[in-house]
Amino acid sequence: VGGGGREQAIAWTCRQHGHDVRLAPDLGDASATDTDLVIPGPEAALVAGTSDLAAERGIPCFGPTASLAQLEASKSYARDLATSLDIPGPAFARFDTADAAETWWRDLGKPVVVKLDGLAAGKGVAVPDTEADTIVAIRDAAASGPFLLEERLYGPECSLLVLCDGKNAVALPLAQDHKRIGEGDTGPNTGGMGAYAPAPVAFTGDELIDMFVRPVLDHYSTVGTPYVGVIFAGLMLTADGPRLIEYNVRFGDPEAQTVLPLLDCDLAELALACSNGDLSAVPVVVRPGAAVAVVAASAGYPDAPTTGAT
Ligand code: AMP
Ligand code: GLY
């Protein structure tokens, strides 16, 4: 489900293994007799209940339910959950008004990042460099709805994409995406202008799973709603160790375009095994080498992109 670069990469890798893949904006009239597996691409499809609908129709689906997609759809929910599970992250607080946020920021006495609480396609985050810009960012956010302030962390980022079957978790090669629109890491944040994998990180995928993913999987399993799909932990590798920036409930875009071509195994079989609750049935094999993706964006992106160009 979906039609962007990430979904093309998912389709491409499945076709490499002989699967007949159809890209569609939603499930349409797909049924268990004509569709063996659904892989939702965008978070919006998951939040809209694609996995719940697939389950109703008896179609295996590699993605969490709408309820579990809150892990991405609400940044305050994700931060509260991570804090309750002792997952390392920045100081944060949720606000409805600019005044309360400014008071918290001044009390914190450190640079902050301003984030809309809800989904914003990777564009709801401001990383202001000056006091004046911080105040503007807080006021802009307050005008759009509930928002978070987070202590600003520093360090290289990495994207940990993990296949989950409800209890087992396997990391794909670590990727790094580049968020700022401009050359030299300048300008506003975007959903990601490019990525490469594997990223040189001093931790293994398994170590990072133990810190950032296992507690979440165990939690959902314990409360009776096992998580099936990708858990994508955006991490910052600070001088004090890795810290959680955010969770996403899907493959990264453009991370998928770099990570999936490195797989030397059948993604569709892996995804199906996850939806059957038995990821251990299919080994994840990664080929040597590296992959890089560069995003070509429409003029005006990210603020006001022109659409419909051919
Ligand atoms: P998010 O949508 O939460 O992943 O944030 C988008 C981008 O903003 C991240 O990839 C980081 O580059 C930056 N960012 C988010 N939170 C923080 C933070 N607490 N400290 C520093 N940078 C951050
Ligand atoms: N590239 C970051 C994301 O997919 O959220």
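What follows is calculated from the coordinates using simple rules that are stated; it is not laboratory data. Keep in mind the model is a prediction, meaning the values are calculated, not measured. Positions of Cβ are generated from backbone atoms using ideal geometry, with glycine treated the same way; all protein chains shown enter the neighbour counts.
Miscellaneous remarks
- Within the shell defined by Cβ-Cβ distances under 9 Å, the residues around V1 carry a net charge of -2, with Lys and Arg each +1 and Asp and Glu each -1.
- Residue of D240, D140, D86 that the Gaussian network model of the chain assigns the largest fluctuation, springs spanning Cα pairs under 10 Å: D240
- Largest to smallest principal axis extent of the C-alpha atoms in the stretch 1-48, angstrom: 29, 28, 11
- In plain terms, the bigger the Kirkwood radius, the slower the diffusion; for the stretch 1-152, with that radius from Cα pairs, at 4 °C and 1.567 mPa s, Stokes-Einstein puts D at 73 µm²/s.
- The loop-placed trypsin sites (Lys or Arg not before Pro) in the stretch 1-52, going by DSSP, that have at most 14 neighbouring Cβ atoms within 10 Å of their Cβ come out as R22.
- Values of log10 I(q)/I(0), in the order q = 0.22 Å⁻¹, for the stretch 227-310 under a Debye, Cα-only, solvent-free model: -1.15
- Restricted to Cα atoms, the stretch 74-155 shows a radius of gyration and a Dmax of 11.9, 35 angstrom.
- Residue-count net charge about R243 - beta-carbon cut-off 13 Å; Lys, Arg +1, Asp, Glu -1: -4
- The chain gives an Rg/Rh value of 0.96, both radii derived from C-alpha positions and Rh following Kirkwood.
- Per-residue [θ]222 nm for the chain (sum of -39500 (n - 2.57) over DSSP H runs n ≥ 4, rounded to 500): -8500 deg cm²/dmol
- Ellipsoid equivalent to the stretch 152-310 - semi-axes via the Cα gyration tensor, in Å: 28, 19, 16
- 3J(HN,Hα) from dihedral phi, the stretch 55-64, Karplus parametrisation 6.51/-1.76/1.60, rounded to Hz, x for glycine, proline: 4, 4, 8, x, 9, x, 9, 9, x, x
- Helix 131-144 axis, angle to the chain major axis (alpha carbon atoms, nearest 10°): 50
- C-alpha long axis of helix 5-15 to longest principal axis of the chain, angle in °: 20
- Spin-label model distance (nm) - D86 vs S31, 7 Å beyond Cα toward Cβ: 5.1
- Averaging Cα coordinates gives a centre for the stretch 216-236 and one for the stretch 267-310; these two points are 19 Å apart.
- On a per residue basis, the convex hull of the C-alpha atoms belonging to the stretch 130-198 measures out at 155 Å³.
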